[in-house]
1. Using R₀ = 45 Å, calculate the FRET efficiency as 1/(1 + (r/R₀)^6) where r is the Cβ-Cβ separation of residue 172 and residue 82; round to 0.05.
2. Taking just the alpha carbons, could you work out the radius of gyration and Dmax for the range 55-115, both in angstroms?
3. Please work out the C-alpha center-to-center distance from the range 90-148 to the range 1-51 and express it in whole Å.
4. With the alpha-carbon atoms as the only input, what is the per residue convex hull volume for the range 1-103 in Å³?
5. Please arrange 7, 68 by how many other C-beta atoms lie within 10 Å of their C-beta, fewest to most.
6. Would you calculate, for the chain, the mean residue ellipticity at 222 nm contributed by helices, counting each DSSP H stretch of 4 or more residues as -39,500 (n - 2.57) and dividing by all residues, to the nearest 500?
7. For the chain, what's the relative contact order in percent, using C-alpha pairs closer than 8 Å and at least 6 residues apart?
8. For the chain, what does the equivalent ellipsoid look like in terms of its semi-axes, each the square root of 5 times an eigenvalue of the Cα gyration tensor, given largest first in whole Å?
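FYI, it's all coordinate maths here, none of it is from the lab. The shown structure was predicted, so the numbers you read here are calculated from the model rather than taken from an experiment. Every residue, glycine as well, gets a Cβ built from its backbone with ideal geometry; the counts of neighbours run over all protein chains shown.
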């Protein structure tokens, strides 16, 4: 069975976190919500989400993909977590899918030296674009090697479907 780890934190953008979970589960994948902020997180729009596990239980060798939503300060809360950084590095090393949307391609990946993609997108804020640097392209969703990046909540469904495509699974709607 295909398995995806979805990282959440206080301040995560709910649409960007939960759309991939919903779509991946519709495609038959197992999605596990890992929190860096406790059993319950409060998203960037005040929606409370219950995590399946705390991030300390994450073992990337058990997963095919890692999904990182944006939202602020969610992306910053995720970016500073050592377990998450190690899991992303392991996913990259093992050629697994690293999917990141909105602020997280810049804040979680680029600012931690973990964006190993030839091109990427992110939320079009000047500071985020600067963090991505010359790799930035102004597109909704960008595939580059094993990286999938997207520019924000409006792209969440397309982002989720691209993750499924890359994993070789099809959601049933």
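1. 0.75
2. Reported Rg and Dmax, both Å: 10.5, 29.
3. 19
4. Taking the convex hull of the Cα positions in the range 1-103, it is 82 Å³ per residue.
5. With the fewest neighbours first, 7, 68 line up as 7, 68.
6. Estimated from H runs of four or more residues: -8500 deg cm²/dmol.
7. 24 percent.
8. Equivalent ellipsoid of the chain: 20, 18, 16 Å, largest first.
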